[in-house]
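I have a structure here, written as structure tokens, and I will follow up with some questions on it.
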Amino acid sequence: MTKKLVKRCHAGDAAGNKKLGELVTIVNPGADALFRRAAWRLVPLILAMYVASFLNRVNVGFAALTMNHDLGFSPEVYGVGAGIFFWGYFFFEVPSNLIMEKVGARLWLSRIMLTWAVVSMLTAFVQGAVGFYIVRFLLGLAEAGFYPGILLYFTYWFPAATRARILAIFCMGIPVSNILGAPLSAWLLGIEAHGLHGWQWMYILEAIPTFGLGLLALRYLPDSPARAGWLGADEKQLVLDTLARDARPQVHGFGEMIRDWRVWALIVPDFCIVFGIYALGLWMPQMVKAMGYSTSQIGFIVMIPYAFSLLVLWGVGVSSDRTGRRALHFCLSALIASAGFLVAALGGDNPVVIIAGFCLASGGVYSGLATFWSVPPLFLGGTAAAGAFALINSAGNLSGFAGPALMGLLRQVTGDYRAGLWMCVAVPLVAALSMALLARYCRTPPKIQS
């Protein structure tokens, strides 16, 4: 089955890119230098914003180590509350991205960060299940549009031939947030001061950098190359001309996008790869705790899979750009994720084997996420891209509700995490199969000749 999936993805990619050199070559060395300068100017700030975003989104996984006891939450209540974030995300995602296209990235992305920082702080003061559900829903509402907004923003700045690497660096924000956040969150859980528990201090203190980055984005993030103060007039024109020569997407209008079946079909592989991200990310600290480790040890052990995933993420991103085989690399990533969950499920009581499985699973889901988002721009542009990125991401991210909630339910019913891990073995296989079937229909149109 694995060989058939890989052959389907390879064939679909090849059909869409008959002249591979056209896809991966940028024609002007001067433009290359400008794109490198843009990457150094923009990507570090955007990466820091995403690190803060994801930390505020998933630090609930560490808070649960003590918060669940303090507030009397069952595994099912925690799982539903952790995942209900994505319903708020779902309802406001498409409107948020369309607003960003109208008002500009600088203003809208900074607004998103400032509001979610405030809501994240409010999580420290929940008193029960209902309050927990409400605040998590509001956090999703506040953050809606950030991720697809950044995806759209990258299409304003970088040509398709280099975008998978840029997306790989951006998606590194997820494991980096966990590498930094795991030991920090574990340490903050030990603070008991001024009548607040450690998990409350964790929510308050980890939201402060997010608020600061929102102010920095308002000051330093240009809406587009045409508005970048650090580019001269000739340089702006060169960047815009180079981007204009990129492959012209087939679909531009919002209505046209809504009617395009490929947009709706792409929700399936996105849903399935994101399922693994949150099922693992929001439950890994508790699965490691069940192995008998202390809170401080958990913080460092959880770092290991995320550090490993950085290597996989970068390697897959570079290979995807060099070969142009976007769907193939997504399918391979999904298969790696499935294999990782399988190793963890079969690990029994051996923590080394289980953590090794988590390493493979992390590498697969995060590289899959990065390569997935290099596929929709192959046929989408303009307002269609803005709407589709938001639509696919919002619907796909509902798996961020389903994954943690089902993990919690299965844990409560069976008394073991293994049933949830077996579920996570199957879901990435669906991701690989669906992308293999879609690959031939998501093609790069002919490149515009200068």
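The values are calculated or read from the model by the stated rules, or taken from the named source; none is laboratory data. Please read these numbers as outputs of a predicted model, since none were measured by experiment. FYI the Cβ positions are ideal-geometry reconstructions off the backbone, even for glycines, and counts take in every protein chain you see.
Here is a list: Val425, Val430. Which entry is at pLDDT 90 or above, surrounded by fewer than 24 Cβ atoms within 10 Å (Cβ to Cβ) and in contact with a Cys (Cβ under 6 Å, 6 or more places away or on another chain)?
Val430
Now a separate question. In this structure, is Val94 more than 30 Å from Ser319 (Cα to Cα) and modelled with pLDDT of 85 or more?
Here the answer is no, as Val94 does not meet what is asked.
Can you tell me how many residues within the range 112-130 are in contact with a Gly (Cβ under 8 Å, 6 or more places away or on another chain) and under 12 Å from Ala144 (Cβ atoms)?
1
Would you mind stating whether Trp201 is within 29 Å of Ser367 (Cβ to Cβ) and either among the aromatic types (Phe, Trp, Tyr) or at pLDDT 90 or above (or both)?
No; evaluated as a whole, the condition is false for this residue.
Which of the residues belonging to the range 204-237 are surrounded by 17 or more Cβ atoms within 10 Å (Cβ to Cβ) and within 14 Å of Arg41 (Cβ to Cβ)?
The answer is Ala217, Leu221, Pro222, Asp223, Pro225, Ala228, Leu231, Glu235.
Looking at Leu213, is it out of contact with any Cys (no Cβ under 9 Å at 6 or more places or on another chain), modelled with pLDDT of 90 or more and under 30 Å from Asp32 (Cα atoms)? Give the steps one after another, and end with the answer.
Details: out of contact with any Cys (no Cβ under 9 Å at 6 or more places or on another chain): yes; modelled with pLDDT of 90 or more: yes; under 30 Å from Asp32 (Cα atoms): yes.
In short, yes.
Could you look through the range 29-65, keep only residues that are among the small types (Gly, Ala, Ser) and farther than 17 Å from Leu221 by Cβ, and pick out the one that is modelled with the lowest pLDDT?
My answer is Gly30.
Just to be sure I understand, how many residues within the range 115-126 are touching a residue at least 60 places away in the same chain (Cβ under 8 Å) and buried (at least 19 other Cβ atoms within 10 Å of the Cβ)?
Count: 6.
Answer yes or no as to whether Ser362 is surrounded by 24 or more Cβ atoms within 10 Å (Cβ to Cβ) and either outside any helix (DSSP H, G or I) or without any contact (Cβ under 8 Å) to a residue 24 or more places away in the chain (or both).
Spelling it out, it is not the case that Ser362 is surrounded by 24 or more Cβ atoms within 10 Å (Cβ to Cβ) and either outside any helix (DSSP H, G or I) or without any contact (Cβ under 8 Å) to a residue 24 or more places away in the chain (or both).
Looking only at the range 387-433, filter to residues that are part of a loop (DSSP other than H, G, I, E, B) and more than 27 Å from Arg325 (Cα to Cα); which one of those is nearest to the chain's Cα centre (by Cα)?
Of everything passing the filter in the range 387-433, Leu398 is nearest to the chain's Cα centre (by Cα).
Working only within the range 178-198, note down all residues that are at pLDDT 80 or above and not hydrophobic (A, V, I, L, M, F, W, C).
If the condition is that a residue be at pLDDT 80 or above and not hydrophobic (A, V, I, L, M, F, W, C), then Pro183, Ser185, Gly190, Glu192, His194, Gly195, His197, Gly198 are the ones that fit.
Take Val263 and decide whether it is in contact with a strand residue (DSSP E or B) (Cβ under 8 Å, 6 or more places away or on another chain), surrounded by 17 or more Cβ atoms within 10 Å (Cβ to Cβ) and in contact (Cβ under 8 Å) with a residue 40 or more places away in the chain.
yes
On to the next question. Would you pick out the residues in the range 65-80 that are surrounded by fewer than 23 Cβ atoms within 10 Å (Cβ to Cβ) and assigned to a helix (DSSP H, G or I)?
Looking only at the range 65-80, we keep the residues that are surrounded by fewer than 23 Cβ atoms within 10 Å (Cβ to Cβ), and these are 65-66, 68-77, 80.
Of everything in the range 65-80, those that are surrounded by fewer than 23 Cβ atoms within 10 Å (Cβ to Cβ) and assigned to a helix (DSSP H, G or I) turn out to be Leu65, Thr66, Asn68, His69, Asp70, Leu71, Pro75, Glu76, Val77, Val80.
Here is a follow-up. When both residues are 6+ apart or on different chains and their Cβ atoms are under 7 Å apart, which pairs have a first residue that lies in the range 171-200 and is closer than 30 Å to Ile273 by Cα, and a second that is of a type in the set (S, T, N, Q) and assigned to a loop (DSSP other than H, G, I, E, B)?
Once the first residue is closer than 30 Å to Ile273 by Cα and sits in the range 171-200, its partners that are of a type in the set (S, T, N, Q) and assigned to a loop (DSSP other than H, G, I, E, B) give Gly181/Asn59; Ser185/Asn59.
Could I ask something else about it? Looking at the range 298-314, is at least one residue outside any helix (DSSP H, G or I) and more than 18 Å from Val353 (Cβ to Cβ)?
Checked against the condition, which is being outside any helix (DSSP H, G or I) and more than 18 Å from Val353 (Cβ to Cβ), the range 298-314 yields no hits at all.
Looking only at the range 315-356, count every residue that is touching a residue at least 60 places away in the same chain (Cβ under 8 Å), of a type outside the set (Val, Ile, Thr), more than 16 Å from Phe372 (Cβ to Cβ) and surrounded by fewer than 24 Cβ atoms within 10 Å (Cβ to Cβ) and tell me the total.
4
Taking the criterion of being within 24 Å of Phe389 (Cβ to Cβ), within 17 Å of the chain's Cα centre (by Cα) and either crowded, with 19+ Cβ neighbours inside 10 Å or at pLDDT 95 or above (or both), would at least one residue in the range 289-307 satisfy it?
No, there is no match, as no residue in the range 289-307 is within 24 Å of Phe389 (Cβ to Cβ), within 17 Å of the chain's Cα centre (by Cα) and either crowded, with 19+ Cβ neighbours inside 10 Å or at pLDDT 95 or above (or both).
If you don't mind, there's one more thing I want to ask. So if I check each of Ala161, Ala129, Ala142, which one is in contact (Cβ under 8 Å) with a residue 60 or more places away in the chain and either of a type in the set (Gly, Ala, Ser) or crowded, with 24+ Cβ neighbours inside 10 Å (or both)?
Numbers: Ala129 fails: in contact (Cβ under 8 Å) with a residue 60 or more places away in the chain; Ala142 fails: in contact (Cβ under 8 Å) with a residue 60 or more places away in the chain.
Only one candidate passes the filter, namely Ala161.
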